């Protein structure tokens, strides 16, 4: 029976989204790189990657009926510098278009650069396009902004954005163009992000920090976040311990040890995490009554803090009473766990403690950071 249970457990551990019906999210951060997970079960076809022979591509074509036409005429001859007048301008011109949005509809602007014939040197001068108009056909800022919002804020996949633009706006656009739009917009926003990061990290007295793993091009990266009441800044890093630079003030976090390596700051531990851990202790062993009392005390401290901020209470003796109760509850919790028989050791080393005992010791050691009045 024991061997069967071990075999069944081993079989389940080997299952993932690529060899079973398990969803991809269940693979967790330990899942294999995308190249291994997404391997085709049909085997190799022998064809080269990319578009195949005979594949019909398409290029963004200019519209024959633009909504707006902007004419540009040359002022001076580029050869001799003579001034050109209206009579010197010919009908010959080139044109470029910007496909954009206006009032929720497609709006096409055509820029025309006319040629001028110099009566002095007989040279031909063509008018200059605006600096932002660089391609025969390009997309405007409103359309680019909508694409970036769909991809980054609403989190639609690139292929679905392409489908939406074709269905509702009759704009055929490639997936690589959507990616290029988002990359270009990110480059434009870099100065803004730097200012926001400086505002949050250096200027704000209290800030919340957290990190989570996610994948970029199939590789594990870390998304770091620092937030205040009004601002939130995200940062991607290949290393989990790569913190935001030049942090100061009070850092609110989940007790991840590297946060305590930041110098010159105060720390406030997230009590939402403590409340969940206390609930787990109560669920695992209903006899550990101290966990429920500590939950109630943390809620009471939070209510007192909100009243104090609102100016409704200045009762500091009440705070001292709650801190004394905090010590009594933890002492009771530690005494309860130490009165229980020790856990069985699987190997030599430090005696293993129960979850309730470890949590009570942490709350006791970090008493200053748990109910901190930041």
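The values are calculated or read from the model by the stated rules, or taken from the named source; none is laboratory data. Everything numeric here is computed off the predicted structure, so don't read it as measured data. Neighbour counts are summed over all protein chains in view; Cβ atoms, including those assigned to glycine, are modelled from backbone coordinates with ideal geometry.
Suppose the filter is at pLDDT below 80 and surrounded by 11 or more Cβ atoms within 10 Å (Cβ to Cβ); does residue 31 pass it?
yes
Checking each residue in the stretch 218-236 for being surrounded by 14 or more Cβ atoms within 10 Å (Cβ to Cβ) and in contact with a strand residue (DSSP E or B) (Cβ under 8 Å, 6 or more places away or on another chain) picks out 220, 221, 222, 223, 224, 225, 226, 227, 228, 233, 235. Looking at the stretch 157-173, can you tell me whether even one residue there is touching a helix residue (DSSP H, G or I) at 6+ places or on another chain (Cβ under 9 Å) and at pLDDT below 90? So far as the stretch 157-173 goes, no, none of its residues is touching a helix residue (DSSP H, G or I) at 6+ places or on another chain (Cβ under 9 Å) and at pLDDT below 90. Can you name every residue in the stretch 159-178 that is farther than 24 Å from residue 63 by Cβ and either surrounded by 12 or more Cβ atoms within 10 Å (Cβ to Cβ) or without any contact (Cβ under 8 Å) to a residue 12 or more places away in the chain (or both)? Within the stretch 159-178, 160 is the sole residue that qualifies.
Report yes if residue 249 is surrounded by 14 or more Cβ atoms within 10 Å (Cβ to Cβ), at pLDDT 90 or above and in contact with a helix residue (DSSP H, G or I) (Cβ under 7 Å, 6 or more places away or on another chain), otherwise no. Judged against the criteria, residue 249 is not a match. Candidates in the stretch 305-326 are the residues that are touching a helix residue (DSSP H, G or I) at 6+ places or on another chain (Cβ under 8 Å) and at pLDDT 90 or above; of these, the one that is surrounded by the most Cβ atoms within 10 Å (Cβ to Cβ) is 326.
Going through the stretch 185-233 one residue at a time, which ones are over 22 Å from residue 268 (Cα atoms) and touching a helix residue (DSSP H, G or I) at 6+ places or on another chain (Cβ under 6 Å)? Result: 185, 218.
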